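Following: one structure in structure tokens, then a few remarks.
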Amino acid sequence: MLRFRKSSGADHRQPVRPKQPAMRHAAVGRRVPWYAWAAGGCLAVLAVTALSTVYLLRHENDSAVPPADAGLLHVVTDPPGAEVSVDGERRGSTPIELMLRPGRHSLRVDRDGYQPAVADVNLPARGDFEVSRRLWRDQPLVTPLHPPLPGLRIELAQPLSDGRVAMVLSEPSGLREAWVTSPGGRPSKLEGMHSRSAVLSVSHDGRSVAYLGPERQEETDALDAGRDYTELWVAHAGGEARRLGRLKQGEGEFADISWSPDGRHLLAIIRIGGGLDTPYIRVLSLPVEGDPGRELAVLPVDVVPDSYLWSPDGTGVAFLVSGGQGASLCVVRVDGSLFKYLGDAGGDIWTTAELSSPPLSWTPDNRGVYYALPSIVAADGEPTHTVLYNDLDGGDSRVIARVDADQPVLSDDGRLLGVSVTDDGRAMLRGLDGPGAAEFASRLPLLPSEGLGFRWDAAGARAIVSTAGDPFATAISATYWILRWTEAVRQDPTPTHEGE
């Protein structure tokens, strides 16, 4: 606003400006050189460029992929809710679908309480790829396996294809019966399928049994452990028993039998000789229906009873025989095309743990086997076992690892696992080879024991384990357990307990 004041001279007015407040003089620093500003600008540009590059590299799967080339990755886990990481970056929880650039990716799945799972994925351009993983628990669910009635004794326990467990039980009189049970379920007897034979084998579906001896025996007769078994009988659920084979005088005796997974064949062992004569065995494949049997091998040794491990498709079987230096590991094809002696498994074939499963695992394609043999010379601090792989249709075995572990099993996600025993006698399942094997470690919640017997069901992520009884007792009594690394399907409210 302008104000006016009078002048003493001419009659005119001059504008008077208002007084301005006094200005404080700010201190002025030294002037920054131009080259410093230039250097700072360059550093800022470099920082922005670096951050942008890192961002683009991390998110190239999302934003840098042309939609026409992207592939769709499906990740599913059992149980769901596992955290998924792709190439080191967390992407969400299962089940999940991800659009990714085509090519190779590193996949990892984590869930609290479970072992991590990893996989290398080669995603096709404009294609779909699914990764399905059944997660193994950090510690297995443990269920003790007991005889259903007092006075009975478990002679054999084996996993069945439907998740149940078959048990061969014996009475003090020698009568043997077949029972089936599931984890947490009530045992049930297979009616009409029993024998006084010392050998009784249950089929993998739990609906048939094979046994040695005459068709009928009086239940009051005591079992004669020294008798010869010259007849092989088969009984199906709801049907009559029928004789499958009979040996003539001088042809030896049946020593052991085992069902193939599909129930179409029986592996039969015939023992010839003994006493003053050198014993030997004939290994036969006997079709349950139709065709005549086939001789697979003749060996100058005896068989380790119930030491059979069939391939998934039932075309091959591994078993143990007893030689002068312990147990030896052999494999045959039921069509007679193959017999292989893989090596000496060592150890004392008489085991208080009772389960005598070969230290071997079949590949899913039935063409190869992983197996463990004791080291020939194991000095202090050196591995006690060597794990090998043999392509049964190929040449020699190749070494996979030298480790302190035995009883290898190939999981459904391609990891080779094995059982090691710590200094205090406790067992641990650990990874030996394959994707993510180095991180796999599962302590088995069992008491220390001098002997452990394992019978694996890799497809069911479970094992039947026997712990040794007193080797100096008159009647050795092993304790049996069912270990499950996945959630058990229970048929009644009876709980299982999780090991601490």
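Quick rundown of the values:
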item: Relative contact order (percent, whole number), region 71-134, Cα cutoff 8 Å, 6+ residue spacing; result: 42 percent
item: Gain on full stretching of the segment that runs from residue 393 to residue 112 - 0.36 nm per residue minus C-alpha separation; result: 97.0 nm
item: Peptide ranges 69-78, 387-396 listed from the most packed, as the mean C-beta count within 10 angstrom indicates; result: 69-78, 387-396
item: Distance (nanometres) between label positions extended 7 Å along Cα→Cβ at residue 367 and residue 186; result: 4.9 nm
item: Virtual spin-label span in nm between residue 249 and residue 426, 7 Å along Cα→Cβ; result: 6.1 nm
item: For region 71-134, size of Cβ-based charge dipole, Lys and Arg +1, Asp and Glu -1, in debye; result: 120 debye
item: Cα-projected label distance for residue 443 with residue 104, points at 7 Å along beta-carbon direction, nm; result: 3.7 nm
item: Packing-based order for 238-245, 107-114, using average beta carbon neighbours within 10 Å, highest first; result: 107-114, 238-245
item: Over region 107-204, relative contact order from alpha-carbon pairs under 8 Å, at least 6 apart, %; result: 16 percent
item: Ascending count of other beta-carbon atoms within 10 Å, so fewest first, for 246, 462, 137, 294; result: 246, 294, 137, 462
item: Chain lengthening between residue 46 and residue 161 when straightened (0.36 nm per residue, less Cα-Cα); result: 35.1 nm
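Taken together, the values in this text are just the output of simple stated rules run on the coordinates, not laboratory data. All of these numbers come straight from a predicted model, not from anything done at the bench. Using ideal geometry, Cβ is built from the backbone for each residue, glycine included, and neighbour counts are taken over all protein chains shown.
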